[in-house]
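The values are calculated or read from the model by the stated rules, or taken from the named source; none is laboratory data. Bear in mind the structure is a predicted one, so any value in this text is a computation, not a measurement. Don't worry about glycine lacking a Cβ; one is built from the backbone with ideal geometry, like all the others, and counts go over all protein chains shown. SASA here: full protein model, heavy atoms, side chains in, ligands and nucleic acids out. Shrake-Rupley method; radii C 1.70, N 1.55, O 1.52, S 1.80 Å.
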Amino acid sequence: MTTATMPTTDVTIERRTAIDSFESPDFLLLDDLLTEEQKLIRYSIREFVKKEISPIIEDCCQKAYFPYDIVRKFGEVGAFGPTIPTEYGGGGLDYNSYGLIMQEIERGDSGMRSTVSVQSSLVMYPIYKFGSEMQRQKYLPRLASGEWLGCFGLTEPDHGSNPSGMTTNFKDMGDYYLLNGAKMWISNSPKADVAVVWAKSEEGRIHGLIVERGMEGFSTPETHNKWSLRASCTGELVFDNVKVPKENLLPGKSGLGAPMMCLDSARFGIAWGAIGAAMDCYDSARRYAMERIQFDKPIASFQLIQKKLAEMLTEITKAQLLVMRIGDLMDQGRATTPMISMAKRNNVQIALEIAREARQIHGGMGITGEYPIMRHMMNLESVVTYEGTHDIHLLILGADITGIPAFK
Ligand code: TGC
Ligand code: FAD
């Protein structure tokens, strides 16, 4: 099953030769709602995943290795900044095209989707939306091509669900800003060239700053020993009297609303992405159930297995409808944060449940790296927590229903 090897700087990653024959379910003929361009985008990303991610992802995860070469390849296939205008190197596409890209990449691996959604929604989006023209021109084309990798620093050791309590801060020193503090759990940080960092001014107002690797006092220690998202690199951002040039402040918006707008875009992408992981688990479970013989019959012939498969397909179909509608509303500027919370919360939860059921259908084989199930399941344990936990999204919905925020 594993043959050729791909030498890397510090680890050797085994390339699988087994064909990835994934097929996506489309029970409600939802392809009818997609444009030809959207179908083409999905096809090209699916082929990319089969060629560039499926052969190496299992070994990357086993070895907790981030395949950095993939960054350039994502740039080449147009995965970075799909909704950013083409004049800045983006794709100039609609939100459901972005979602389809996330679905296909997360079908390959949630950690790979993390790399892409951080770059697109959490780094390129704020620079495009709140940045100066000079910042847009300096950073966006390089991020779009994968020449540079970015990360997004909001979470701190003592402020996760409650980012408004952040203590990372900057002082106006006349010629520059002096940045101090630390961020934790930052996807891409150990390899990132640039970081969009959220910090408080002396007046206590939250602003975005672009911090570049190499600035004195800025370091990005890696977080080790994760059991989840093992092919994604995660780390800290540490600011020890970092002198940030004044032109690196994002001038377009301040306050918690600015990072929250980025999160709306990223959470939407995750809601689509989780369907990809769910589809992969469903597809693998359906094939396994048809092939695996017990009591002289394929296990697919047993009612309890059929119940699991039928429920998986039902939940995948409902999840697809949720995101397709929200994508259209995003294009029209009518999607709200609670709508996106409903989709992120629902779709990640159903993906996690589908992964667990698929694991059972695979029996003992389900715990091995021969199948993608356990990897998806462990990845989804992070996805259900980051970008707002399952319960925080429930509270966002609760506040929308009642008008009473129950966070504090
Ligand atoms: P709250 O009082 O609700 O709001 C404070 C100010 O922000 C404004 N606002 C928004 N503006 C625009 N769009 C949105 N979506 C907005 N949400 C909030 C709001 O209007 C208000 O403005 P103003 O002018 O009145 O001050 O804030 P709160 O402090 O009560 O917190 C609310 C809460 C808990 C819902 C929120 O903070 C939250 O969502 N917490 C979860 C934190 C989170 O999601 N962190 C994600 C970190 S990034 C990440 O995980 C990346 S993983 C990526 C990967 O690898 O794929
Ligand atoms: P906490 O906020 O401490 O929550 C712990 C528990 O308490 C949760 O169950 C939560 O739901 C519950 N809880 C908290 N407040 C309430 C409340 N008011 N009511 C009821 N229950 C509550 N952050 C970034 O900024 N950038 C990144 O790139 C990034 N990448 C990440 C990658 C990974 C792999 C992981 C695991 C996290 C990443 N994060 C990132 C951080 C992520 O957004 C936070 O982990 C998340 O927001 C939750 O914060 P916390 O871990 O501090 O948990």
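Screening region 90-205 for helices (runs of 4 or more DSSP H) wholly inside it with 2 or more residues that are crowded, with 24+ Cβ neighbours inside 10 Å and of a type in the set (Val, Ile, Thr) returns the ranges 95-108, 110-117. Please work out if Asn225 is more than 8 Å from ligand 1 (Cβ to nearest atom), on the phi > 0 side of the Ramachandran plot and either in a loop (DSSP other than H, G, I, E, B) or at pLDDT below 95 (or both). Yes, satisfied. Out of (1) touching a residue at least 60 places away in the same chain (Cβ under 8 Å); (2) surrounded by 20 or more Cβ atoms within 10 Å (Cβ to Cβ); (3) within 24 Å of Ser21 (Cβ to Cβ), the odd one out for Lys73 is which? All conditions pass for Lys73, except number (2).
For every residue, the table says whether it meets (1) among the β-branched types (Val, Ile, Thr); (2) touching a helix residue (DSSP H, G or I) at 6+ places or on another chain (Cβ under 8 Å); (3) not assigned by TED's automatic domain parsing to the domain that holds Met330.
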site	(1), (2), (3)
Leu29	no, no, yes
Leu34	no, yes, yes
Glu47	no, no, yes
Asp59	no, no, yes
Gln62	no, no, yes
Phe66	no, yes, yes
Val71	yes, yes, yes
Thr83	yes, yes, yes
Asp94	no, yes, yes
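So for region 68-86 (the condition being touching a Lys or Arg at 6+ places or on another chain (Cβ under 7 Å), within 16 Å of Ser228 (Cα to Cα) and modelled with pLDDT of 95 or more), does at least one residue qualify? Full working, then the answer.
Initial filter on region 68-86 (touching a Lys or Arg at 6+ places or on another chain (Cβ under 7 Å)): 68.
Now drop any that are not within 16 Å of Ser228 (Cα to Cα), which leaves none.
Looking through region 68-86, none of the residues is touching a Lys or Arg at 6+ places or on another chain (Cβ under 7 Å), within 16 Å of Ser228 (Cα to Cα) and modelled with pLDDT of 95 or more.
Note on region 358-398: residues that are farther than 30 Å from Pro298 by Cα, open to solvent by 20 Å² or more (accessible area, probe 1.4 Å) and assigned to a helix (DSSP H, G or I) amount to 10. Pairs linking a residue in region 248-262 that is open to solvent by 10 Å² or more (accessible area, probe 1.4 Å) to a residue that is among the basic types (Lys, Arg), with Cβ atoms under 6 Å and 6 or more positions apart or on different chains, are Ser254/Arg205.
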